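The block underneath contains the structure these notes are about, expressed in structure tokens.
The values are calculated or read from the model by the stated rules, or taken from the named source; none is laboratory data. Everything numeric here is computed off the predicted structure, so don't read it as measured data. Don't worry about glycine lacking a Cβ; one is built from the backbone with ideal geometry, like all the others, and counts go over all protein chains shown. With ligands, DNA and RNA removed, areas are computed over all heavy atoms of the protein, side chains included. Shrake-Rupley method; radii C 1.70, N 1.55, O 1.52, S 1.80 Å.
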Amino acid sequence: MAAADGVLPHVPESRSAVPTTSSRPRPAQSRRQAAATKRKYQASSEAPLAKRRSETSFLPAKKTAAKETPRAFKGKAQKTFSPKRSSAGASDGNQERKPGIKTSSLFKNNPEIPELHRPVVKQVQEKVFTSDAFQALDLHPHLISTINTVLKMSSMTSVQKQSIPVLLEGRDALVRSQTGSGKTLAYCIPVVQSLQAMKSKIQRGDGPYALILVPTRELALQSFDTVQKLLKPFTWIVPGVLMGGEKRKSEKARLRKGINILIATPGRLVDHIKSTKNIHFCRLRWLILDEADRILDLGFEKDITVILNAINAECQERQNVLLSATLTEGVTWLADISLHDPVSISVLDESHDQSNPESKGIHEASPQAGDELDSFAIPASLEQYVTVVPSKLRLVSLAGFVLQKCKFERDQKLIIFFSSCELVDFHYNLFLQTLLSGSGALAPGGLPCASTRLKFLRLHGDLEQEERTAVFQEFSHSKSGVLLCTDVAARGLDLPQVTWIVQYNAPSSPAEYIHRIGRTARIGCHGSSLLILAPSEAEYVNSLASHKINVSEIKMEDILSVLTRDDCFKGRRWGSQKPRPVGPQDIRERATVLQTVFEDYVHSSERTVAGAKKALQSFIRAYATYPRELKHIFHIRSLHLGHVAKSFGLRDAPKNLSALATKKKKANLKRPDLHRRTQSKQRLAEILRSEYSSGMETSVTKVREQSKRAGPGSQPRSAIRSQRPALAVGTNESRKPCGGTARLPRKWF
Ligand SMILES: Nc1ncnc2c1ncn2[C@@H]1O[C@H](COP(=O)(O)OP(=O)(O)OP(=O)(O)O)[C@@H](O)[C@H]1O
């Protein structure tokens with residue numbers, strides 16, 4: 001007889017939450033356990049064992065609505081043991097489990113998984129490499145030899161072949177090409193070439209000749225590294241990075257000594273513009289906005305205003321370059337009105353228009369068809385998958401996928417994207433404590449045969465800079481491992497040999513989807529991505545298709561079936577032990593064992609329960625911030641709190657969460673104006689506390705306070721103070737809505 005679904009037999013040794021074959025119960029013991037189990041079932045509302053054993057399908061035959069029942073934040077999800085029972089005094093992990101403790105009824109009352117009717121669309125693709133060598137360009141011979149010998153590159157990529165000559169001519173440009181196609185060198189090579197060729201040799205004390213703005217610290221470090229390598233033969237040109245996380249004093253000292261190619265995150269640069277005397281831009285020749293569409297998002301916009309005010313006040317003549325894999329309408333519009341005689345470079349156009357070699361992918365910038373702008377190129381070597389998983393089964397499915405890749409396959413490097421720092425921390429700690437062994441510190445409930453082959457790392461904006469840099473370096477150089485992260489790692493990062501991208505929480509825009517999956521399959525390599533959706537979110541696949549993004553389905557059963565390869569997850573059977581073929585029932589049992597391991601860990605102490613609740617709360621908060629156009633797919637009302645709680649290892653839907661939500665909802669109903677205001681405030685707060693900040697909370701507060709004091713339509717204070725010609729930011733004239741990004745005023749470049 002198989003172990004009951006959702007019921008684990010008594011485990012005498014407290015640390016063995018998962019039964020092993022060596023501790024099989026003796027007949028008398030099994031009889032006692034069977035009786036206990038029977039009593040348990042009589043007392044519970046679960047179907048009797050015999051009936052459940054007869055269920056042959058993987059999911060319950062009983063069909064429920066595709067949407068999870070809209071009982072969010074209300075009733076109890078499942079009748080289970082309360083966290084208190086296992087948490088009190090259980091932190092030492094020596095708590096003895098009672099016979100027949102009900103664990104997870106993971107496979108009951110789940111919404112039906114809908115058939116995915118994927119419209120097959122023709123994906124937009126670009127050619128990565130050309131056959132042309134860098135020697136074909138008019139570059140300094142030492143620069144060419146550095147590219148060949150230090151960077152070990154010989155032929156140009158398509159975007160480099162198109163951009164470098166245009167930029168060397170001195171034109172402004174808008175550059176769009178797929179992720180991992182070599183955009184960094186497409187702007188770094190012309191910058192270095194032009195600066196080394198200047199007639200009056202650059203002095204360190206001259207200050208910045210080029211300013212490169214990037215959205216995150218890791219990207220700043222990465223770009224700095226590339227610039228530094230290119231500058232090897234031109235030692236008189238000094239590169240430098242300002243990115244936060246470092247003491248302001250030491251950054252000031254470096255600024256004082258002089259930085260000629262300055263790479264910075266907007267927040268930190270603003271901080272220096274406001275507080276550092278030695279910063280000036282009178283010799284600036286280049287302004288590069290890498291990941292330009294992200295930099296123009298709300299949140300960065302204010303910083304960019306301050307930066308451009310400061311620059312415009314001191315220098316008018318310079319070259320401006322905007323780059324991204326997803327240049328959207330907002331950025332094109334901005335370029336149309338503000339770049340000087342700009343050139344629009346899109347590798348996509350060249351790939352599409354092979355019939356007319358004259359046209360190439362280079363155009364005078366002009367408005368492009370909306371359809372074309374909404375479709376982004378995806379590397380041809382990137383295979384995209386989606387799986388639809390009911391909320392209760394999300395956690396075990398994610399863990400199953402990680403185990404499949406990292407325990408049973410070689411050299412797999414995974415990045416898993418979550419929607420918040422709290423979610424990253426929760427899953428990181430959970431996986432470390434339950435799936436990883438070898439540290440000798442396996443948590444209560446940890447798998448006795450957990451793998452030493454797994455390596456987990458995490459990256460998000462709440463970590464100390466030292467840890468962020470160390471993680472970035474370690475994952476870069478690792479052959480295998482799992483990086484759990486927020487969107488702080490979504491843009492621009494070039495982490496070699498990443499084999500899989502997993503999106504555990506769906507991104508909030510197609511652009512973010514493209515950037516996340518773009519961390520794999522770079523520069524012609526192979527890679528895959530997996531998007532995990534709930535049944536109520538299945539329509540997201542159509543939304544992706546409307547942007548020419550094609551995904552294939554992987555069935556949840558196929559992911560979970562890996563658990564049958566691992567005897568760690570074997571539930572204890574009593575009665576006949578005859579070997580039998582592995583079937584859906586085995587998968588269910590093993591998934592239940594794994595879920596129980598997670599639940600046991602989460603309920604092992606008050607601290608871990610609180611951590612899970614905090615993560616759940618953060619998940620709900622993030623879920624509420626999907627943009628309007630996706631709200632019909634990701635609506636908080638379609639979440640079943642009890643089911644979602646299971647995916648955080650919580651046996652019950654936390655009551656205080658539901659109370660909080662109901663209270664808020666009621667209050668908001670009474671005050672619709674307040675509701676609207678709170679929503680936008682929350683959104684702003686969300687953005688302000690995002691990973692892209694300068695790393696100095698004070699600067700965020702200052703920006704907030706200043707804008708509050710100054711009111712709408714005001715100029716940044718720095719500009720007023722220094723009598724610089726400020727921009728009319730916030731005035732009705734200068735701002736037009738466009739694609740969620742407020743349009744920027746003319747003359748920023
Ligand atoms: N000509 C080249 N030959 C070989 N490798 C190259 C070449 N140009 C760039 N690369 C490598 O390709 C990888 C991706 O380059 P890069 O990070 O510049 O891409 P990107 O287009 O900026 O990507 P994203 O849009 O994600 O920011 C890097 O490892 C880089 O060193």
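Structure notes:
- Matching residues, the range 410-431, being surrounded by fewer than 21 Cβ atoms within 10 Å (Cβ to Cβ) and either in a helix (DSSP H, G or I) or in contact with a Leu (Cβ under 6 Å, 6 or more places away or on another chain) (or both): 425, 429
- Scope the range 493-537; condition within 10 Å of the ligand (Cβ to nearest atom), open to solvent by 10 Å² or more (accessible area, probe 1.4 Å) and either small (Gly, Ala, Ser) or not in a loop (DSSP other than H, G, I, E, B) (or both); matching residues: 522, 523, 524
- Whenever a residue of the range 242-260 is at positive phi, its partners that are of a type in the set (D, E, K, R) and not in a loop (DSSP other than H, G, I, E, B), lying with C-beta atoms within less than 8 angstrom and at least six residues away or across chains, give the pairs 244/217; 244/268; 244/271; 245/217; 245/466; 245/468; 258/204; 258/206.
- Every residue from the range 587-623 that is aliphatic (A, V, I, L, M) and in contact with a strand residue (DSSP E or B) (Cβ under 9 Å, 6 or more places away or on another chain): 593
- Strands (runs of 3 or more DSSP E) within the range 241-332 that include 2 or more residues assigned by TED's automatic domain parsing to the domain that holds residue 187: 286-290, 319-324
- Checklist (1) surrounded by fewer than 18 Cβ atoms within 10 Å (Cβ to Cβ); (2) within 13 Å of the ligand (Cβ to nearest atom); (3) over 20 Å from residue 402 (Cβ atoms) applied to residue 466, failing item: (2)
- Yes/no for residue 560 being away from the ligand (no atom under 16 Å from the Cβ), out of contact with any strand residue (DSSP E or B) (no Cβ under 8 Å at 6 or more places or on another chain) and open to solvent by less than 10 Å² (accessible area, probe 1.4 Å): yes
- Helices (runs of 4 or more DSSP H) enclosed by the range 95-208 - at least 3 residues per element that are touching a Lys or Arg at 6+ places or on another chain (Cβ under 8 Å) and within 15 Å of the ligand (Cβ to nearest atom): 158-168
- Residue 215 being touching a helix residue (DSSP H, G or I) at 6+ places or on another chain (Cβ under 6 Å), open to solvent by less than 20 Å² (accessible area, probe 1.4 Å), of a type outside the set (D, E, K, R) and not in a strand (DSSP E or B): yes
- Matching residues in the range 218-228 - criterion: being open to solvent by less than 10 Å² (accessible area, probe 1.4 Å) and out of contact with any helix residue (DSSP H, G or I) (no Cβ under 7 Å at 6 or more places or on another chain): 219, 220
- Entry remark, the range 198-207: residues being open to solvent by 10 Å² or more (accessible area, probe 1.4 Å) and in contact (Cβ under 8 Å) with a residue 40 or more places away in the chain number 4 in total.
- Within the range 168-179, residues that are touching a residue at least 60 places away in the same chain (Cβ under 8 Å) have Cβ atoms under 6 Å from residues that are more than 10 Å from the ligand (Cβ to nearest atom) and open to solvent by 40 Å² or more (accessible area, probe 1.4 Å) in these pairs: 172/340, counting only partners at least 6 apart in sequence or on another chain.
- Residue in the range 311-329 that is open to solvent by less than 10 Å² (accessible area, probe 1.4 Å) and charged (D, E, K, R) present: no
- Scanning the range 605-654 for residues that are charged (D, E, K, R), part of a loop (DSSP other than H, G, I, E, B) and under 26 Å from residue 544 (Cβ atoms) turns up just one, 631.
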